[in-house]
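Below is one structure, written out as structure tokens; the observations come after it.
What follows draws every value from the coordinates through simple rules; no lab data is involved. Keep in mind that this is a model prediction, so the values were computed, not measured. Using ideal geometry, Cβ is built from the backbone for each residue, glycine included, and neighbour counts are taken over all protein chains shown.
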Amino acid sequence: MFTRLLAILVLFLALAPAHAATVVQAGKLLDRPGQSPRSQVSLLIVDGKVSQIRDGYLEGAAFDQPDATVIDLRDAFVLPGLIDSHVHLSGDKGGVERALAAVEDSVADTAYEAAVNARKTIDAGFTTVRNLGDRDGVIRALRDAVAEGKVVGPRILTANTMISASSGHGDPTLGYREELHAGLDRQGNVCDGAADCRRAVRQQIAKGADVIKMGITGGVNSRISAGLGAQMFEDEARAVVETARLYGRKVAVHAHGADGINLALRLGVDSIEHGTLLDDESLRLFAQSGTYYVPTLSTVNGYKERLAANPDAYSGAVLEKIRWRIDITGKALLRAVPAGVKIAFGTDAGVSKHGRNADEFELMVKYGMTPATAIHAATINAAELLGMSDQIGSLEPGKWADLIAVKGDPLRDVTVLKQMRLVMKGGQVISAN
């Protein structure tokens, strides 16, 4: 009976005018991750934003909003909507399947798949994401469609296509016959030399990029046996960073090898993605620069699941790199946490399955974080990394009413974040169970 009533409430709120007031009664509220949760509180939401938070289970009249809709979450734990700093919404294929998709799937196919993955992501409690890899402008269009209310999904920041040196991790022609290269290499993201790398950054910005992603080292999934060390010269990487800064864009850096990690850190980038082989110098540079580390531990789940389903899903150099990645995952985080490196939550969903983003919490705790610091990484820290601390990451007056509710206490058992009781974005209930 309760489930049916909640479903009716979701429908009502979805159809209600955006300016309607809502009161959320929370049994426990972690309004500011990093501080202690509050008990028995009520939040007033007006125009999609948090207006007031007061002690006690209050009705709308107590806020001078007698017509406000009341959502009863007195038996739930409420916290800010989660943020995934590293996703790829356009698909979650891997290995041979992914290689075929690059030449078989149309832009329309990819767009519909991205919309489905966006819905999975927000239903999992992630109300904002940073998409760090795209083709054909699919995610830019999805970002805008979500913002305009045409499609249900999380808020999206997109990097469009990753900047890469030729034969680097982001070169789309790797592994394909030469006569196919012209059709595959049409994103404008591949560059050689500083001037060409400036051009590549400008091209992504012209296509609507919110953030610039640079592939400074080799990657696990790129079909080339060139290792995982640096694949860009300093003048090329510096040109990427300086051009992004010129246009007011932050820079996220794909980096596995320590040489590439340290080069990026010396250039003052905003985040290191993966950071698998960070060393003592990396830790010193992280402290000096204040750069965020985004571990993306969930990739191992995707690799393991695909190999279990099909032992031939990967082959050659890629399979060797995957085996290495599975064995080494988490070791860098074990070093980063006690060194005080700033951590932001990111899954690399697309390598792992969309909608399973919260699996990352369990891995973060396994490799040195507490539930509280893992949640902080997915709220306060991720919001700061995205440059959106004034809008999201905590539940405070003036910020968007992005919130989730779960059964149980995620500060004691972070796995409860795998099952959402309710998801709200901008004051609108997206899903409820």
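Close amide H contacts of R155 (hydrogens built in the peptide plane, cut-off under 5 Å, sequence separation of 5 or more or a different chain): T128, V129. Using the Cβ-Cβ distance between E234 and R284 with R0 set to 22 Å, the FRET efficiency works out to roughly 0.75. Once backbone amide H atoms are built at 1.01 Å from N, S166 has C191 as its partners under 5 Å, excluding neighbours fewer than 5 places away on the same chain.
Centre-to-centre, using Cα atoms only, segment 31-94 and segment 376-396 are separated by 14 Å. Adding -39500 (n - 2.57) for every DSSP H run of four residues or longer, then dividing by how many residues the chain holds, sets the calculated 222 nm ellipticity at -10000 deg cm²/dmol.
The 3J(HN,Hα) values that the Karplus relation (6.51, -1.76, 1.60; θ = phi - 60°) gives for segment 301-315 are, in residue order, 5, x, 4, 4, 5, 5, 5, 5, 7, 8, x, 9, 4, 10, 8 Hz. Gly and Pro appear as x. Here the Karplus relation 6.51 cos²θ - 1.76 cosθ + 1.60, evaluated at θ = phi - 60°, turns the backbone of segment 389-399 into coupling constants of 4, 7, 10, 9, x, 8, 9, 9, x, x, 8 Hz, with x for every Gly and Pro. Here is the tail figure for segment 82-386: Cα pairs spaced more than 33 Å apart come to 14 percent of all pairs. The modelled label-to-label distance for the pair D47/N433, using points 7 Å beyond Cα in the direction of Cβ, is 3.5 nm. Label-to-label distance for K407 and K366 is 2.5 nm, based on points extended 7 Å past Cα in the beta-carbon direction. Among A195, A209, A309, the largest mean-square fluctuation in a Gaussian network model of the chain, built with springs joining Cα atoms closer than 10 Å, belongs to A309. A simple spin-label model places pseudo-atoms 7 Å from Cα toward Cβ; at D72 and D312 they are separated by 5.8 nm.
Using only alpha carbon positions, build the gyration tensor of segment 366-405, then give the equivalent ellipsoid semi-axes as the square roots of 5 times its eigenvalues, largest first, whole angstrom.
21, 12, 6
In this structure the amide hydrogen of M214, modeled in the peptide plane, comes within under 5 Å of the amide hydrogens of I163, A252, V253, H254, none closer than 5 places in sequence on its chain.
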